[in-house]
Structure formats: structure tokens, C-alpha cells
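Novice: Here it is, the structure in full.
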Amino acid sequence: MESEIWLKDVAVFLAAAGIVAPLFRAFKQSAVLAFLLAGVLLGPFGLGRLVSDFSWLHFITISDPHAVEPMGEAGILFLLFMLGLEMSFGRLWALRKDVFGLGASQVLLSAALIGTVCYFFGVPPAAASVIGLGLALSSTAIVMQILFETHSVATPMGRTTFSVLLFQDLMVAPILILIGFLGISGGNVVPALVQAIIGGAFAIGIIGLVGRFAVRPAFQLAASSGGREMMLALTFLAVLGASAATAYAGLSLALGAFLAGLLLGETEFKTQIEIDLEPFKGLLIGLFFMTVGMGIDPLEFAADWPIILGGTIALVIIKALLVYGGARIFGKPRYISIQIATLLGPAGEFAFIVLGAATAAAVVDIETAALITAMAGLSMIISPFLARAGNAMSRRLMPLDMNMGRNSHNDGLDGHVVIAGYGRVGRILANLIRGENAEIVAIDSNPRRIKQCRKDGIESLFGDAGRFDMLKKAGIDRASQFIVTVDDPDKAERVVTTIRAHRKDAPITARAVDREHADALVSAGASHVIHEAAEAALQLAYQALLDFGMTSDSARARIAHAREEIYGDPEKESPGEV
């Protein structure tokens, strides 16, 4: 009987995953919200209340929420694993100013102020600290979806928002460590913080040792002998093994999954692992959010609605004001700052993870956790509406900000893309990048191409992109990246050399006609070099493999291997990256 109930509950969940989540996506809403609301509706506090009166509801509700909780916990593990997989020291360093400047100030100040407010209302210090940290984090899932839908990922606003989210994601593991030690130390914050720092340092040391001597050789052996099945098995082993190890060491299970992601994220197998795990991750994370929704009682929400509504409004205002102020301090214009503030003002999915861990460790009592969870959920529901309001305010402020203090036609540019060469390749690139609302400045010495720039609505400069004075007019000091597509190999090399001489850390993507030209561009300082002929051949080969009957995943893997052979040893700094 128990197995039948469990199978029925799993079927209800899969129905929600297959029907409710896609329905929300069709209305441009987050799947996270879909799973949360599905959990409320199908859980014991939703339609489950009516099963005794309407027996047929038994077949469309979750009968035993505790039975599916282990699968929800597995969703947390894979969420943290995929998070670690996306981390890299290179990415952090490229965005270091916004990540460790604006991101750190936003999280720490928000946590301090929210925690102080909670303490003022009688919450114990340890619980107030955890609540502040949990609510300081925003929803990566919802915010990134909004950025993708509005084609804003590549804009200065999108990059800044992503940087803050990146720091927030980095903070998840330390917060979970802190909660574990708070539970052990009985709520004494200072000793718990010291132990968390020591435990984090020990974990980083283990990452270095295991990653250097064990992870890559094991996956290379699996890839050469057993194929994708063994690689998938090793991935599961890494996630579960690292989680068990940190649990035995007195740390959280989620921390182990995060560390496993960091380990595998530094290997050449990262992309294949992401492809293989993506369906599992989505389902398991969805189940986690459904379990969160099952714990929300709408009747309690109705009874405490003044507290929940007032707390939600206060939360969004506090975070939005701190984000706006921080963005302005770090030199962002008003129209960008207001967009970032409205995107990051609401709480996020990690608040549920943090509160769940804190409740399990007896750091936060169940009643307080229920109220805070309701506030976090309500703020997430209104996230899309806040984003639209921020976008509307940004459009009104943009003309004022762009005209304020401008001395020349490009003084208002910041975080733009400089394209050297507006031929057939440069024009296609500009159209694609402009689709993400990125600002572009094109440089070309051909008058007809400059005329085409004006027709296309692209800001342009006539002259030699290899001259520093021309690049200075294009805003070399404030550009976010440079793309070199000029046809002449010698001129392309000179452009890269000039840019690199004045911008040591800027990403430079260049187009090469062959391997010899690519090597010269790398020597000149290019960050990424694309072989024009090789990429055309790889795309043709991919289609040919599909026509031979090979699956798309297998064809991608074969093309990825061929690309590594063309561009060189992937463990070295590769000149090509697509």
C-alpha cells in the first residue's frame, strides 16, 4: 500500500512537471513559481484538505509529502552541484569589481539590516542572522529568465546583475556551513563564524588536492573506456560521495555537492556533464520547490496576511534601496541602477534552502520559518511585475543620464562592444549582439561600410582601428569587450596588439583565416581566436553526422573532440573558444 501511494505521488509530481511548469512558461512566468504554487495546490494544505469529503481528489494530490522529501533534498544537491560547475576563477576575476564590490556590499549590508530588523522584533540573534543572510539572496532562476526574455544579458545592466547574482551564489555554501555550526554551538554566532571560516578553508584545500590528483584522471579513464554511461556514473558518485564526506565531517550535504561541482568545473568534461544532468536537475529542483509549497498553509497566510504583506514590502524596499545606492557608488548610471534594484529586490529560491536547513538545525523555529517563507514566496511572485516597473522607470531616466555631462558622441558609452571591421562578418555579429540590447561602436576604414553602419543604426568611426587615438575615440577605457573581424591578417594583429597594450584585462575575440594567423593573434594578446575555415568545416561535419544517423548529443561530442584537436590541448590556454 505504501509503495502504491508513493508511485501515485510521483505520478502527480510528474504531471505537474509536464503540465503546470510548461503552462507557466507559456505565460512567460518562472517554472519555480509553477512548482511552488503546484505544491500549495496539490499538497496537504491545499486540495488535500478536501480528500475526506471528495475521495477522487486522492488521485490528484500528494498523500505523503514526507515520502518525497528525500528526492527534494537530492534536488538541492544537484542545484548546488550545477552552481559549483558554473564557477571558475577566470569568470570571477573578469567580473571582480562588480562581484566582490557591488555583490559583496549588497549581500552583507542587506543581511545586516534585515537581521537587525528581525532582532528588533524579538527574533534571537542567531536566527536573525540566518534570516538576514537568506533573504539577502535573490532569485537566480527568475532574474536570469527575465534577462533572457528581455534580451538584456549582454548589456551593462545584465552583466552587473549577473555579477551580483554570482556573488550571492558563492555565499550559499558558506551560509549553509554557518547554519550547521550554529546548530552545533547552540546559537552562539561568533564561535560558529570562526568554525565556518576554518571549515571553508579546509574544504578549499581538499578541492585543490583532489582536483589535482584524482578527478581528471578518473574521468579521462571513463571517457576513453566506458563512454558517457561511466562518466554519468562517476558524476553521481562525485556528488553523493562529496556530500557524504562533508556530512561525516560535520558540514552540510549541500556543501559537498557544491565542492564536487567546483572540482568537475575545472575539467574538460564540464560541458558534457551539464548536458547529461540538465533533465535530472530540472526535475529534482522542481520537486524541491513543490515540497516547499506543500509546507505553505494558505489559511495561515490569510490569518497573518498583514504581517506577511508588510514584511514583503519592507524586504523589497530595503534590498532595492541598498542595491540602488551600491550601484550608484560603484559608478552605474541611474537608469541601470534602478533596473538592477528592481530585479534584485525580491528574495530568491535559496531563502527556502537556507530556512529549511536552519529549521532542521533548530536555529529558526518552525513558526518564524513559515512566516519568512511566505514573505520570500510572495516577493518572488511579484518579481516579474517589479522588473517591468523598473524597466519603465529606466526608459524615462536613460535620455537624461545619456545626455548629462557628455562632451563628445561617445562619452555616455560604458560597457559597450567595439567591433573592428564592419564587413560581412562584423555586420552579422553586430546584428546578433544588438539583439541583446548591447551598445556597439564599429570602426572601419571603408566609407561604404561606414555608410552601412549608419543605415543599420550602429554608431561608427571612420579610420584605422589599429591606431590608439581611434580606439580612444571609441571608448577603449570603458568598453566591455573587443571583437576584431578585419580581413587583413597584419592589420588584425596590429589592432589586437594596440588594444592589449592599453587594456590588459579586456576580452578580445579575433577572427583568424588559418592556424598560423591564430597563433600570431594569440601572441599579440587575443583572448579568444576563431578559425573561420575550421568553424565552417565543423558545422558542415555536424550536419553530415546527423544525416548519417548519429544522435545530436553524439554528434556534438564528436565535433567538440574535433574542435579540441584543431585548437590544441584543452588543458593549455586554447586560442580558440566557441
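FYI, it's all coordinate maths here, none of it is from the lab. Source: prediction; values computed, not measured. As a convention, Cβ positions derive from the backbone with ideal geometry for all residues, glycine included, and neighbour counts pool all protein chains shown.
Novice: Relative contact order (percent) for the range 417-526, with alpha-carbon contacts under 8 angstrom and 6 or more residues of separation?
Specialist: In percent, rounded to a whole number, it is 26.
Novice: Distance check, please: which entries in Lys332/Lys473; Lys451/Lys472; Lys332/Lys504; Lys451/Lys504; Lys451/Lys473 exceed 28 angstrom between their Cα atoms? Before the final figure, lay out the partial values.
Specialist: Working: Lys332/Lys473 21 Å; Lys451/Lys472 21 Å; Lys332/Lys504 22 Å; Lys451/Lys504 32 Å; Lys451/Lys473 18 Å.
Listed pairs above 28 Å: Lys451/Lys504.
Novice: Given a Förster radius of 56 Å and the C-beta distance between Asp490 and Leu113 as r, what FRET efficiency does 1/(1 + (r/R0)^6) yield to the nearest 0.05? Could the numbers behind the result be given before it?
Specialist: Working: r = 57 Å, r/R0 = 1.02.
So the FRET efficiency works out to roughly 0.45.
Novice: Please state the equivalent ellipsoid semi-axes for the range 417-526: what are the square roots of 5 times the Cα gyration tensor eigenvalues, largest first, in whole Å?
Specialist: Details: eigenvalues 81, 45, 35 Å².
Here the semi-axes work out to 20, 15, 13 Å.
Novice: Which whole-angstrom value gives the distance between the alpha carbon centres of the range 448-503 and the range 315-390?
Specialist: If we compute the Cα centre of each part, the gap is 40 Å.
Novice: Okay, next question. Using a simple spin-label model with points 7 Å from Cα along the Cα→Cβ vector, what separation in nm is obtained for Leu309 and Asp553?
Specialist: 4.9 nm
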